[in-house]
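The structure appears right after this line, and notes come after that.
What follows is calculated from the coordinates using simple rules that are stated; it is not laboratory data. Keep in mind that what you see is a predicted model, and the values were worked out from it rather than measured. No Cβ is skipped: glycine too gets one built from the backbone with ideal geometry, and neighbour counts run over all protein chains shown.
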Amino acid sequence: MKFHSGISKRFLSVVLLDVINIIFGPGRKGRFIRGQMKDSDWLILSELYDTKNITKAANRLYITQPSLTKRLKQIEEEFSITVVNRTTKGVEFTPEGELLAEKSKEYLKFLGDLHREIHEMNELTRSVIMLGSSYTFSKYELSDLLMEFKKQHPNIDFEIRIETSNILYRNTADGYLDASFVRGDYKGDVERIDVGGYQAYLVTREPVSLEDVPGMSKLDYRTSDQTLILLEEWWRQHYHTDIPKGPTVGFLDVTWELIARSSDYYTLCFLPDEFRNPYGLSLQPLRMEDGKSLIRGTYFMYRENRSMSRAVREFIRFVKAWYADKDRR
């Protein structure tokens, strides 16, 4: 099993530069080597071209409108063009924007075809499942599940992509991934299995009163927009202000190490029951104004289709049985 943040980056670094040169011409090569554009940027261009509406495109991508607008501005700066003009009816693509949107379709199709072709090549000798997982789920639950599955199916391997849940959902719905473990209530052209919920916590070095939290220093970390929306709602209910922004320090576990060093720091996050609390931090469960716990659900998602391999179908069957047994335990 290989854990990485995307498919075979060493291999794709050559292939993607070749296809970019074919699609955009060699004059753009220098720009793309700097790595400004992300897969999510091509998704933004594609969805915005289909909807012609920033709000609708953001909703379909499960990101906030400001996040989409920010990425769009960075795309425009990357190419030194204006992609869209705003109108009373939505947005209108410029000629340069039209070209870029058309190329985004070609790029996304290429990437999807490449995933499938690599998958099919691997299946000639042994089965490979393209699996996505949120960072927290991969850290606390995924290994045990995959180790048990490998005992029963030693010839089935996994290529695992660790990403934020909104990107994993889109990759699964679009067929780039066979299945994903996703945090958040994403709905669309996918099948879902509820695999549990994570409680939200205020994390500090020592116990503190909620009234003292606004005067402390908040640490942010890499997470999905849906997580941010839930935490922002809790904050507004309790403090009647917008949630403050803090420095982004990477993944969540980096915040724990920093909080352990200073009583001035805190963070808000969702944690599984399996969380081991290596630094002995204070974990205060968050509740909404109605007294209900703030919970974010976790789901196993896949797209049902006739071309689904036997290995994927067997893994889906295994996951269903695994969590049915877990509920009984």
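Before moving on, here are some points about what is shown:
- Note, ³J(HN,Hα) from phi for region 289-301, Karplus 6.51, -1.76, 1.60, rounded to Hz, x at Gly and Pro: 4, 7, x, 6, 5, 7, 10, 10, x, 10, 10, 9, 10
- For the pair region 164-183 / region 48-120, the C-alpha centres are spaced 18 Å from each other.
- Amide hydrogen neighbours beyond the local backbone of Ser224, cut-off 5 Å, H modeled: Ser165
- Highest-fluctuation residue, Gln152, Gln199, Gln226 considered, GNM on the chain with Cα pairs under 10 Å: Gln152
- Long-range HN-HN contacts of Ser127 with modeled amide H, under 5 Å: Asp157
- ³J(HN,Hα) computed for each position of region 162-172 - Karplus, 6.51 cos²θ - 1.76 cosθ + 1.60, integer Hz, glycine/proline x: 9, 8, 6, 5, 5, 6, 4, 4, 5, 5, 6
- Between the listed residues Met288, Trp256, Gln226, the Cα displaced farthest toward the positive end of the dipole of region 219-329, a dipole computed from Cβ unit charges relative to the Cα centre, is found at Gln226.
- Under-5 Å amide H pairs with Leu177, H placed in peptide plane, nonlocal only: Thr172
- Vicinal HN-Hα couplings computed from phi for region 267-281 (Karplus, 6.51 cos²θ - 1.76 cosθ + 1.60; Hz; Gly/Pro x): 8, 10, 7, 9, 10, x, 4, 7, 4, 8, 6, x, 9, x, 6
- DSSP beta bridge pairing in the chain, given as percent antiparallel to the nearest 5: 65
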